[in-house]
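One structure below.
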């Protein structure tokens, strides 16, 4: 397994990468193997060129563990040692019910939901806002809707809400020798390239007086006719949108 960091692995040829396809493929592969859309996986993989990202994904796909439903369930799903809820790796759980409402993870999820709402996405799949496949799929979908973001919320989402939690998740996966570490490795590389491309764009900074993201600030009016955005396969979380079409 390579020990090089994401910045070392992202080569000068990364300018032509289709980040939407890469994010979408990783999101699909992060859901339970029994629920994946095989046609979508094949289609998106065909859009990923030879690169460190493709190398990590291919190593994952070649491992028997990538298709093992029982391993996925035991490692990532049911009271798992490596939960795919990113906030669980970034914030300590409160010691009492009284502290749950004010805990860091709760605030984190409130802000994630506010970003989704800013882009016109309403979750209806029953997953929490910090479910990583949902976050990664949103990163893909939002690339095509930069017109909805004139205050830098997407850059903040990727660089502040998603990127910092990945090393903790990857460490947990490495401890349990989970092949899903390869997907997190690929995701870190994609994020580095995404942030490199958006380096000259504004990044939203939380006002000192605001506790959460101001969803209404700079938010455009909804277009008529709601559209549905599906994250991953039919069994993955879904979202409905009044803005994305």
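Values in this text are rule-based calculations from the coordinates and carry no lab data. Since this is a predicted model, take the numbers as computed values, not measurements. Because the Cβ atoms are built from the backbone with ideal geometry, glycine has one as well, and the counts that use them run over all protein chains shown.
In whole angstrom, how far apart do the alpha carbon centroids of segment 102-161 and segment 43-84 sit? One Cα centre to the other: 22 Å. FRET efficiency for the residue 47 to residue 103 pair, using the beta carbon distance and R₀ = 41 Å, is estimated at 0.55. Extension gain for residue 160-residue 174 works out to 2.7 nm (0.36 nm per residue, less the C-alpha to C-alpha distance).
Ordered by the number of other Cβ atoms lying within 10 Å of each residue's own Cβ, fewest first, 110, 151, 57 fall into the sequence 110, 151, 57.
With a simple spin-label model that places each label point 7 Å from the Cα along the Cα-to-Cβ direction, the separation between residue 54 and residue 18 comes to 1.2 nm.
Report the gain in length on full extension from residue 117 to residue 203: 0.36 nm times residue separation, minus Cα-Cα distance, nm rounded to one decimal. Don't jump to the answer; show the numbers that get you there.
Values: separation 86, 0.36 × 86 = 30.96 nm, distance 1.77 nm.
Additional length available on full extension: 29.2 nm.
Full extension of the chain segment joining residue 39 with residue 128 gains 29.4 nm, where the gain is 0.36 nm per residue of separation less the Cα-Cα distance. Report note on the peptides 82-90, 178-186: ranked by the mean count of other C-beta atoms within 10 Å, highest first, their order is 178-186, 82-90.
Quick check for you: which residues of segment 34-51 have the amide N under 17 Å from the point 7 Å beyond the Cα of residue 78 toward its beta carbon? Correct set: 34-35.
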